[in-house]
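Chemist: Dropping the structure in here first, questions after.
The values are calculated or read from the model by the stated rules, or taken from the named source; none is laboratory data. Bear in mind the structure is a predicted one, so any value in this text is a computation, not a measurement. As a convention, Cβ positions derive from the backbone with ideal geometry for all residues, glycine included, and neighbour counts pool all protein chains shown.
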Amino acid sequence: MSAATDYPDLTAAAVTSVEDVLDRARADMAPLLAASRRDPLPPSPTAEPVEPAHFLAVLAANPVPRQQIAPIEPEPGIGSAVHELGVGELLRAYATGATTPSAVLTALRARWADPATTGGAMPSPRGERGTGGGVADGAGPGEPRGDSGATGSAVVAVVPDLEGAAAESDRRWASGTARPLEGIFFAVKDIIDVAGAPVTAGSRVTGNRVATADATVVARLRAAGAIPALITATTEFACGAPHNARYGAVTNPWDRERWTGGSSTGSAAALAARLVPLALGTDTGGSIRVPSAACNLTGIKPTYGLVPRTGVASLSWTLDHVGPMARSAADLRLVLRVLAGPDGHDPAAAPEHIADTVRNALGAHPAAPGAGPGAGRMPLERTVIGETPVAVNVSTRASCSSGRRPLAGIRIGVPDRWFIELCDARVLDARRRAERVLREAGAESVPVAIADAARLHDAVTIVLTCELASNQEAALDRFALYDIGTQVRIARGLVPSAVDYLRALRWRAAALRDVLAAFDRAGVDVLLTPGVGATAARLADATVEMDGERHPLQAIVGRNTGLFDYLGLPAVMMPAGFVDGLPVGVQVVGRPWGEDLCLRLAEVWQRNTDFHERRPA
């Protein structure tokens, strides 16, 4: 990796002006830019188009993958208490009359009122000040808590009139007019607009902004019957430091001394703490997948352009993705079908015929109504990943001999080098375990070489920081209001020249062609990588532990995720085990528009393990 390894202290105080960090930013970016300048693209005309817009053309030119795979039975239940139920389980419970959306809301509110569950005091439904930190003085309905220091709460605000929305869902279930996601409560990251709710992008720069309209993704979930319930914390503009200058650090429900990973911090913590069964996040360098790995969740970054970003605050418009986070891949499948497709406003949106084909593929194996929690569970045996006992479904071996091999014909590429060079040995054990279970389910795994991974990583840094600096240019006179993480990234974005920025964008189409050619040479359908090379970072010093040594979290966290934002490929993070009692994840990466297959592999994995069912104490 060519980027500087002298990382800034993310626990330090913010500085007063951009000039205070600009010299440091120039030094940080110098080796990265020098490496980039050694590889100029050929002048036009070239054998292959290299204009930035050609990246979208390369994505669109790839057909939606079509694999003939045996159906997967719906997941067994993960608990009998309603707050433990996932999306599919709640829909089945509503359909059978076992519970109602209003009853679920009552149960969830009890959890929202407990600071031990939320990670800190959170706002009341009407915005009154709470004890130990609440909303700002004079806050109205749904307004966010104020600058209350390191509260650790996952929740910024409660969306108004939840009781009315739940009652409407009750009526629809009772009258037989329920919509696809009727009565499913979901959390929304604090950069995604929810009409009438505060959306501040986790920044002091934005003031007490209240959204006037729903983002497309929120509007689509509402139209499907889902109910936005919580506005959840984010790092500042989805790129800041763990210690947010406005709301404090969100703590990890698995260990309150550790971070959730970013930037979808509150969405991940809310899901892990069972505050909601579903959340929306964004992913520009790993911000859905990293917190999913750190909090034992399942999250998907869709193919670039599949899900519109209208109404979402931009960090880096050419890299931003929006997607769902949940506790199982089966739940993600149900939700992604609703979110996918152009809206007429996002210029990067996939054409309707592609989105329609993806939706049809996702719906080809819908989660069928099943029996109650625990129904159909297969016998478990005890085994070990690293030092941690886990439960693994013995049906993987039985299915091979009985002919039930749901992944027969699927080839998995397993890259090494870049993807494992900074990876704890026990995290790598988890990836090997996943590879073995998927092979036993019928897949074949082969090595695959992904060239230029370091260059891809550097390109992400150049594009992201330049576009962030452009987005925030009008607020540079209020630089002191940003947290130190945002300040450092903005300053770095002011260093590259226009030629540096455009070189990184122009290479994108060629890089995607090269990676897809690597898929073709190896004859693989997906890649399987470690998700994050270590467990959740410590908040006290913003470091992670890898094989007994401490490293700055920036060196590890986005290493295996950001390059797939640049390439625009779909990627699913799924729980893969525990190291020292903390969750770790593995990542499945597909070809363009290959969401269905990525989720199918995750569903098979989760049908044969119980990691995703585990919850923090």
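Chemist: Right, residue 571: more than 14 Å from the chain's Cα centre (by Cα) and aliphatic (A, V, I, L, M) or not?
Modeler: Spelling it out, it is not the case that residue 571 is more than 14 Å from the chain's Cα centre (by Cα) and aliphatic (A, V, I, L, M).
Chemist: Still on this structure, please answer the following. For the stretch 240-260, does any single residue satisfy the condition of being part of a loop (DSSP other than H, G, I, E, B), polar (S, T, N, Q), touching a Pro at 6+ places or on another chain (Cβ under 6 Å) and at pLDDT 95 or above?
Modeler: Yes, the stretch 240-260 contains at least one residue that is part of a loop (DSSP other than H, G, I, E, B), polar (S, T, N, Q), touching a Pro at 6+ places or on another chain (Cβ under 6 Å) and at pLDDT 95 or above.
Chemist: So, in the stretch 444-475, of the ones that are among the aliphatic types (A, V, I, L, M) and in a loop (DSSP other than H, G, I, E, B), which residue ends up modelled with the lowest pLDDT?
Modeler: Among those that are among the aliphatic types (A, V, I, L, M) and in a loop (DSSP other than H, G, I, E, B), it is 451.
Chemist: Turning to a different aspect of this structure: Test residue 515 against the stated conditions and say whether it is of a type in the set (Val, Ile, Thr), under 21 Å from residue 56 (Cα atoms) and over 21 Å from the mean Cα position of the chain (by Cα).
Modeler: So residue 515 fits the description; yes.
Chemist: Let me ask something else about it. Would you mind finding the one in 5, 16 that is polar (S, T, N, Q), more than 30 Å from residue 306 (Cα to Cα), modelled with pLDDT of 80 or more and loosely packed, with under 14 Cβ neighbours inside 10 Å?
Modeler: 16
Chemist: I would also like to ask the following. All but one of (1) at pLDDT below 95; (2) in a helix (DSSP H, G or I); (3) polar (S, T, N, Q) hold for residue 131, so report the exception by its number.
Modeler: Among (1) at pLDDT below 95; (2) in a helix (DSSP H, G or I); (3) polar (S, T, N, Q), residue 131 violates only (2).
Chemist: Here's a follow-up. Determine which member of the set 216, 298, 265 is at negative phi, more than 13 Å from the chain's Cα centre (by Cα) and not aliphatic (A, V, I, L, M).
Modeler: 216
Chemist: For the stretch 520-577, please list each of the strands (runs of 3 or more DSSP E) lying entirely inside it that holds at least 1 residues being touching a helix residue (DSSP H, G or I) at 6+ places or on another chain (Cβ under 9 Å) and farther than 30 Å from residue 66 by Cβ.
Modeler: 543-546
Chemist: Go through 555, 511 for me and flag whichever is at pLDDT below 95, surrounded by fewer than 24 Cβ atoms within 10 Å (Cβ to Cβ) and within 18 Å of residue 418 (Cβ to Cβ).
Modeler: Testing whether each residue is at pLDDT below 95, surrounded by fewer than 24 Cβ atoms within 10 Å (Cβ to Cβ) and within 18 Å of residue 418 (Cβ to Cβ) leaves just 555.
Chemist: Scan the stretch 533-552 residue by residue and report those that are surrounded by 18 or more Cβ atoms within 10 Å (Cβ to Cβ) and acidic (Asp, Glu).
Modeler: 545
Residues are listed down the side, and each one gets a yes or a no for (1) at pLDDT 60 or above; (2) of a type outside the set (D, E, K, R):
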position: 136; (1), (2): no, yes
position: 152; (1), (2): yes, yes
position: 157; (1), (2): yes, yes
position: 161; (1), (2): yes, no
position: 186; (1), (2): yes, yes
position: 193; (1), (2): yes, no
position: 196; (1), (2): yes, yes
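Chemist: Restricted to the stretch 21-41, and to residues that are touching a residue at least 24 places away in the same chain (Cβ under 8 Å) and of a type in the set (D, E, K, R), which residue is surrounded by the most Cβ atoms within 10 Å (Cβ to Cβ)?
Modeler: This residue is 28.
Chemist: Looking at 218, 307, 276, which is the one that is buried (at least 24 other Cβ atoms within 10 Å of the Cβ) and assigned to a helix (DSSP H, G or I)?
Modeler: One residue alone meets the criteria, 218.
Chemist: Any chance the stretch 74-91 includes a residue that's part of a loop (DSSP other than H, G, I, E, B), at pLDDT 95 or above and surrounded by fewer than 16 Cβ atoms within 10 Å (Cβ to Cβ)?
Modeler: No, the stretch 74-91 contains no residue that is part of a loop (DSSP other than H, G, I, E, B), at pLDDT 95 or above and surrounded by fewer than 16 Cβ atoms within 10 Å (Cβ to Cβ).
Table: residues versus (1) surrounded by 23 or more Cβ atoms within 10 Å (Cβ to Cβ); (2) of a type outside the set (Val, Ile, Thr); (3) within 17 Å of residue 286 (Cβ to Cβ); (4) touching a Lys or Arg at 6+ places or on another chain (Cβ under 9 Å).
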{"position": "435", "(1), (2), (3), (4)": "no, yes, no, no"}
{"position": "438", "(1), (2), (3), (4)": "yes, yes, no, no"}
{"position": "448", "(1), (2), (3), (4)": "no, no, no, yes"}
{"position": "451", "(1), (2), (3), (4)": "no, yes, no, no"}
{"position": "457", "(1), (2), (3), (4)": "no, yes, yes, yes"}
{"position": "460", "(1), (2), (3), (4)": "yes, no, yes, no"}
{"position": "463", "(1), (2), (3), (4)": "yes, no, yes, yes"}
{"position": "477", "(1), (2), (3), (4)": "no, yes, no, no"}
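Chemist: Let me ask something else about it. Mind counting the residues in the stretch 215-260 that are out of contact with any strand residue (DSSP E or B) (no Cβ under 8 Å at 6 or more places or on another chain) and not hydrophobic (A, V, I, L, M, F, W, C)?
Modeler: Number of matching residues: 10.
Chemist: Return yes when residue 544 is within 30 Å of residue 614 (Cα to Cα), more than 19 Å from the chain's Cα centre (by Cα) and at pLDDT 95 or above and no when it is not.
Modeler: yes
Chemist: When you look at residue 303, is it polar (S, T, N, Q), in contact with a Gly (Cβ under 7 Å, 6 or more places away or on another chain) and either farther than 24 Å from residue 158 by Cα or modelled with pLDDT of 95 or more (or both), yes or no?
Modeler: Yes, satisfied.
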